[in-house]
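The values are calculated or read from the model by the stated rules, or taken from the named source; none is laboratory data. Bear in mind the structure is a predicted one, so any value in this text is a computation, not a measurement. Glycine gets a Cβ as well: all are built from the backbone with ideal geometry, and neighbour counts include every protein chain shown. Heads up: the accessible areas ignore ligands, DNA and RNA and are worked out on the full protein's heavy atoms, side chains in. Shrake-Rupley method; radii C 1.70, N 1.55, O 1.52, S 1.80 Å.
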Amino acid sequence: MPIEYLPILALIVLAVLFALGTLLMSSIFGPKRPTPEKLSPYECGITPVGTARERFSVKFYLIAMLFIVFDIEIVFLYPWAVVFRQLRLFGLIEMAIFILILCIGLCYAWKKGGLEWE
Amino acid sequence: MFEFIIIMLVKIAVVFGALLLTVAYLTWLERKVIGDIQVRLGPMRVGYHGLLQPIADGLKLLFKEDIIPAEADRTVYLLAPLVAIIPALISFAVIPFGSQVKILGRTIDLYITDVNIGILFIFAVASLGVYGIVLAGWSSNNKYSLLGAMRSSAQMISYELSMGLSIVGVLMMAQSLSLVQIVKAQSVVWFILLQPVGFLIYLICAVAETNRAPFDLPEAETELVAGFHVEYSSMKFALFFLAEYANIVTVSALATTLFLGGWQGPLLPPVAWFLLKVFAFIFLFVWLRATLPRFRYDQLMGFGWKVLLPVSLANILVTGLIMAWR
Amino acid sequence: MELGLFIVLALVAMASAIAVIIQRNPVYSALYLILTFLSLAGLYLQLQAQFIAAIQVIVYAGAIMVLFLFVIMLLDLRKEEQRAVKGGYQLLIGLLLAAILLGELGLVFGGGVLKGVPGEFSPEKVSALGNTQVVGRLLFTDFLLPFELTSVILLVAIVGAIVLAKRRLD
Amino acid sequence: MVPLSAYLILSAFLFATGVVGVATRRNVLIIFMSIELMLNAVNLAFVAFSRFLHSMDGQIIVLFVMTVAAAEVAVGLAIIIALFRNKETVDVAEINLMKW
Amino acid sequence: MIDYVWLVPAFPLIGVLINGFFGRRIRRAAVGWVACGVMGLSFLVSSLVFWDLLQLPPDKRVFKGVVFTWIASGDLRAEAGFLLDPLSAVMILVVSGVGFLIHVYSVGYMGEDRDYPRYFTHLNLFAFSMLLLVLASNYLLFFVGWELVGLCSYLLIGFWFERKTAADAGKKAFVVNRIGDFGFALGIMLIFVTFGSLDFQEVFRMAPEKLQVGSALATAITLLLFTGAMGKSAQIPLYVWLPDAMEGPTPVSALIHAATMVTAGVYMVARNHVLYELAPFSLALVAAVGMATAFFTASIALVQNDIKRIMAYSTISQLGYMFTGAGVGAYAAGIFHLMTHAFFKALLFLAAGSVMHALANETDIRRMGALKEHIPITFWTMAIATAAIAGIPGLSGFFSKDEILWQAYSGRHGHYLLWLLGVATAALTAFYMFRVLFLTFLGESRVDPHLRHHIHESPPIMTVPLMILAFLSIVGGYLGVPEVLGGANRFQEFLAPVFEVGHAKAIPSPHGAVGLELGLMGVSVAAALVGIGVAYRFYIQDPSLPHRLAERFQRAYTALLNKYYVDEIYETLIVNPFKRGSVFLWEGFDVKVVDGSVNGVAYLVEWGGSLLRKVQTGYVFNYVLAILAGAVAIVGYMAFWR
């Protein structure tokens, strides 16, 4: 591993220790007096109805799916951006085609109502 | 090697401490500023002008009961705040906050580390932050927290896209993913002048990414009680809170680095410039919260996908066109 | 140091990979899979593929697994948790074949069957040019066609996913 | 210096683990995750070869593998959702649509 | 700019994609704009590339750009690469330029058509294919373009596929082309077997070493390639599809006859001149077939009555000239004639289209006449084209045709018989072309009475391309004014670097006496004038004369009118025996032997399938196990046996 990643590793260790330490402290200092009422889900004081693990709208799936696709686009854009000055117009045309094709997908999703929330 | 490790550890300790301090006092700062804007005083009781308020808050949370809901998935419930806070704390590793100083005859770089994929590191870490929210919402076994978590994560990933795209223009000009190189590329002119549209998109996305007003919908108290962390209490809640504020600091520092010339500036020492810019940006955050009303959720998602995403793509192509033509 | 790190990362990867396939709750499987991905990212860093390491986290851990979690939460899956493993011969044959495969792969890799001629991108050269820069340069010249075709694949994915997922929505 | 064969054997192990997952689990989602695991095992081998054979091709292929994996996940999960809507299950033992 | 030569075919492809995917969604005007716009851009890039090429010293004018490696399998290495040299530069200029004008014209001509987007999609695809063909740097990519061109011709000739004749014509074109393509593909395979490469430059570099002059191998390769050219460029005996190709919309005919498709064969021979130089027999055959086609089809054209059909035969005849030029070793002259022909033949077809437009799609010249007053622009532009094709001195056709005739006489592989036939063809050409002109525009009106009052000139979007093409038909020839007339023959000089490669070993062309060249030129001009004079006598002065003549030479006339019964001969000699053989095979062999065994196999399969069906459980994990077993087997093979 290149040496410049060592500090990152160290910082990760420190952050984990900090977070765990905080939780540990609270479990040491905090009181423990559970009651059934306290442990039931909070629904503005009303008794909970049904289970929380209900299905939610497929819209969330569509958003995450589009996110993946455009995330890939970003992944391709970054190396493109750093060598853009060498590629010049040629690179621009390549990327424009790429972006346009993906935008067709975005437009399709848009048209199909995948971006609407009622 | 030994020396390297010592210097490294010192730097990490200083940055980590400074970050925590900043985050703690950010809560105080926010309440004070909003108080001023609303012609109130804000916290006044603990210490001079409430200066000890964050410490008091922290201690209070530490001694609160840690409730785990009955139907909750205990392991994930415990894991979620950890997953939220750790990424928030480590992205500072690659942000440069000054050029170099000479201490005891040694030249010390004022950043924890400089990697050649710096900006990608930050995005990679940031993309993990969403798990904290999803897991918290799911494990709580509460309708409100699940809905809040889904909304919040959908919002985060939506705006993460535009955020990633908004800085491509900067990368095209800097020709590097290393944040140090990006800062150095701004020695003549800050990228905010060359990439105004990119900066604007970044700003909007930064606010949305940190779930702040006017994009604080996922945790809109009036609609969803408190969003994904409704069931959390005690220090676990504090960790979510810390993570949110740490993220504010991170996006501000990133904005400073990418668009505002980083540590560079006349007269004042570099670190001072860096802090000045970061705090100016943070102030903007607080100001926005005090001024703007909240978006509706459909507006918010629509805005992200139908406006920001196309505009940021267009920004990239226009930037490319201008650069290729010159 | 380097070897130690490799061993740690490899152990984490292997342990979490096993956990993925033996966990009953799909959410836990997904979480362990994320852990596998993260340790693989660490291994990529060790192999001086910084760019790949970063996008491993961004794409796999940050995007694909988010989609997995979304879908797991979208479908209510408690019923399945009771009988997670297929019974009888299926399990046996599967394990047996996998073991044979592993042994064979070990033979192939360990026996030095695979020999190659070193190319032009030595690690020193790559780090001098910058890993991302080299990837970018190759991607947009030599691998231009696959790159452009990628966009078509992604387009098909968008269209296919929308058609499949939205069919009975509206 | 970690030798190439260490990476390859790790890759083979992860691949075999994925195979076991695919062959033995009933939950379509976990099978799908096992497939992702296998893809990652292959990616690891690619990157390792790329490093030891001094060629960048491996890393770029990994990039494409990830892209294809992303597309595959998008469509695959959509299929699972559609399937779940019809059959209310993600158990492959109850899904035998591939029979003619 | 030269690095961007790939944009030349790329633009029409973009047009194809836009109109192909969105043509039905966007407005009709937009469809036309897109189609013409991409062609215009393509032409613009071609011009810029050409200009850049001109700036370079003549021996540096060869560029090869590899876009990507397409196939790399064993020894076979095919790159999607572009070869730009003076030859392909001229070709892209002609294809994109004339193509552009035809696109513009089509906007007006096809304005009312229901399938407007489909039409322009295919038209763009046609242009793309042809540009790909002329720019290809290797045989494989060339073949792709070649096949695409064939496909486009099928699609466009059969554009109005509801009409049976159109659909049949499309099929005919495709099938006849396939025959040629088969030979062509064999030729390419033979080249690969011989040279181990498909790259033009490599093959040409190796050719003199690997092939003996006049060797059987060289002859075989070139003849196989020429089979393809015969199909694509409609030479005897594979010309029969082209006259039927007029079933497509008229601009399509213009495109096929002028800019794309039929010129591909000539281009192919010119491109492969290195190989042809090594096979004198093939060259002689090319020249002979070319000249025979020229004369033969010109004679058919004499008596046809369908304006487009006459044009079609005229094209075949002119292509024969081009092949003659190539066959006698004067490739530059062939290409020169290709270019000028592109101008005036496009013009002729478009003008014919304009006439049809005026007369509600009437194509029979016996029902025309005296149209000059009504559609003056069409008349004058068509008159210019007619004069050009007839070889009136000063117009483009004169220079290019005489160059070929001169080379046919005096060139390295020339022969006086070729020249003689050429001059006779020139006279025939002048006659039939002026016959069309006279019958259509002059004399008395024989137009259907209730059509008469709405004869109208076409809109500017159609007439402007006509005028541009007319201008080009006039000045196009001045690029290659021969030395004997005081010119510098710049065209030949420009192409010289391409063709010198092959000439290196050949004997320098015997430049005969100036007097001789001028004399021959005079003879051909005289022949043309005689043709015109006869046409004038027949159709203006004494319109009843043709009928009397036809009565006198009844049999010759009907033979000509029925195109020498070539279609019928094909029918009897090839199609019918095939049919009978097929019927026999169907009833005897197929039903009993093949069907019997097929059914037997089917029963067997069904029986086996009912057993095997039990394996197909429909459960994914069972399949996974099977895949896994396969993987184990393959890796095991790797591990233990290698």
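In the range B:139-152, the residue that is nearest to A:LEU66 (Cα to Cα) out of those that are at the interface with chain A (Cβ under 8 Å from one of its Cβ atoms) and assigned to a helix (DSSP H, G or I) is B:MET150.
Just one residue in the set C:GLY116, C:GLY106 is at pLDDT below 85, under 30 Å from C:LEU129 (Cα atoms), open to solvent by 20 Å² or more (accessible area, probe 1.4 Å) and within 7 Å of another protein chain (Cβ to nearest Cβ); that residue is C:GLY116.
Condition check: open to solvent by 50 Å² or more (accessible area, probe 1.4 Å), β-branched (Val, Ile, Thr) and under 23 Å from the mean Cα position of the chain (by Cα). Does B:ILE55 satisfy that?
yes
Filtered by the rule that a residue be in contact with a Lys or Arg (Cβ under 6 Å, 6 or more places away or on another chain) and part of a helix (DSSP H, G or I), the range B:228-283 gives B:SER234, B:THR256.
With the structure loaded, tell me whether B:PRO43 is away from every other protein chain (no Cβ under 13 Å) and either in contact (Cβ under 8 Å) with a residue 12 or more places away in the chain or closer than 18 Å to A:MET25 by Cα (or both) or whether it fails that test.
Values: away from every other protein chain (no Cβ under 13 Å): yes; either in contact (Cβ under 8 Å) with a residue 12 or more places away in the chain or closer than 18 Å to A:MET25 by Cα (or both): yes.
Yes: the conditions hold for B:PRO43.
With respect to the conditions (1) without any contact (Cβ under 8 Å) to a residue 12 or more places away in the chain; (2) in contact with a Phe, Trp or Tyr (Cβ under 9 Å, 6 or more places away or on another chain); (3) among the polar types (S, T, N, Q), E:ASN361 falls short on a single one, namely (2).
Of all residues in the range C:129-146, those being of a type outside the set (S, T, N, Q), at the interface with chain A (Cβ under 7 Å from one of its Cβ atoms) and part of a helix (DSSP H, G or I) number 5. For beta carbons closer than 8 Å, sequence separation of 6+ or different chains, a first residue in the range C:49-61 that is hydroxyl-bearing (Ser, Thr, Tyr) and a second that is open to solvent by less than 10 Å² (accessible area, probe 1.4 Å), the qualifying pairs are C:TYR60/C:PHE37; C:TYR60/D:GLU36; C:TYR60/D:ASN40; C:TYR60/D:MET66; C:TYR60/D:ALA69. Each residue in the range A:92-103 was checked for being surrounded by fewer than 17 Cβ atoms within 10 Å (Cβ to Cβ) and within 18 Å of A:LEU66 (Cα to Cα), and 1 pass.
Here the condition is being buried (at least 16 other Cβ atoms within 10 Å of the Cβ), facing chain A (nearest Cβ under 9 Å) and assigned to a helix (DSSP H, G or I); of B:LEU300, B:LEU321, it holds for B:LEU300 alone.
Could you pull out the residue among E:VAL134, E:VAL104, E:VAL94, E:VAL144 that is over 19 Å from the mean Cα position of the chain (by Cα) and of a type in the set (A, V, I, L, M, F, W, C)? Sole residue among the options that is over 19 Å from the mean Cα position of the chain (by Cα) and of a type in the set (A, V, I, L, M, F, W, C): E:VAL104.
Please pick out the residue among B:PHE121, B:PHE92 that is in a helix (DSSP H, G or I), open to solvent by 10 Å² or more (accessible area, probe 1.4 Å) and within 13 Å of chain C (Cβ to nearest Cβ). Even if it seems obvious, please write down each step before you answer.
Values: B:PHE92 fails: within 13 Å of chain C (Cβ to nearest Cβ).
Exactly one of B:PHE121, B:PHE92 is in a helix (DSSP H, G or I), open to solvent by 10 Å² or more (accessible area, probe 1.4 Å) and within 13 Å of chain C (Cβ to nearest Cβ), namely B:PHE121.
Residues in the range B:21-40 that are without any contact (Cβ under 8 Å) to a residue 24 or more places away in the chain and open to solvent by less than 50 Å² (accessible area, probe 1.4 Å): B:LYS32, B:GLY35. E:ALA173 meets the conditions (1) among the hydrophobic types (A, V, I, L, M, F, W, C); (2) under 18 Å from E:MET261 (Cα atoms); (3) surrounded by fewer than 21 Cβ atoms within 10 Å (Cβ to Cβ) in every case but one. The failed one is (3).
A residue that is at pLDDT 85 or above, in a helix (DSSP H, G or I) and more than 7 Å from chain C (Cβ to nearest Cβ) cannot be found anywhere in the range A:32-41.
Here is a yes/no grid of residues against (1) at pLDDT 85 or above; (2) more than 7 Å from every other protein chain (Cβ to nearest Cβ); (3) open to solvent by less than 10 Å² (accessible area, probe 1.4 Å):
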site	(1), (2), (3)
D:MET38	yes, yes, no
D:LEU44	yes, no, yes
D:VAL47	yes, no, yes
D:ALA74	yes, no, yes
D:LYS99	no, no, no
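Of all residues in the range E:405-428, those that are closer than 14 Å to E:PHE296 by Cα have Cβ atoms under 8 Å from Cβ atoms of residues that are in a loop (DSSP other than H, G, I, E, B), 6 or more apart or on another chain, in E:LEU418/E:VAL328; E:ALA426/E:GLY391; E:LEU428/E:LEU302.
Among the conditions (1) crowded, with 21+ Cβ neighbours inside 10 Å; (2) closer than 22 Å to C:VAL126 by Cα; (3) more than 7 Å from every other protein chain (Cβ to nearest Cβ), the only one that D:PHE32 does not satisfy is (2). Name the residue that is farthest from D:ILE9 (Cα to Cα), counting only residues in the range C:7-59 that are more than 7 Å from chain D (Cβ to nearest Cβ) and among the hydroxyl-bearing types (Ser, Thr, Tyr). The selected residue is C:TYR28.
Does E:VAL303 meet the test of being of a type outside the set (S, T, N, Q), surrounded by fewer than 23 Cβ atoms within 10 Å (Cβ to Cβ) and touching a residue at least 60 places away in the same chain (Cβ under 8 Å)? So E:VAL303 passes the test. In the condition set (1) within 14 Å of chain A (Cβ to nearest Cβ); (2) exposed (fewer than 15 other Cβ atoms within 10 Å of the Cβ), B:SER233 is compliant with all but (2).
So how many residues does the range B:164-197 have that are open to solvent by 10 Å² or more (accessible area, probe 1.4 Å) and either of a type in the set (Phe, Trp, Tyr) or under 30 Å from C:PHE70 (Cβ atoms) (or both)?
So the first thing to find is which residues in the range B:164-197 are open to solvent by 10 Å² or more (accessible area, probe 1.4 Å), and the list is B:173-176, B:181, B:184-185, B:187-190, B:192-194, B:196-197.
This time we only want the ones that are either of a type in the set (Phe, Trp, Tyr) or under 30 Å from C:PHE70 (Cβ atoms) (or both), so: B:190.
Looking only at that region, the number is 1.
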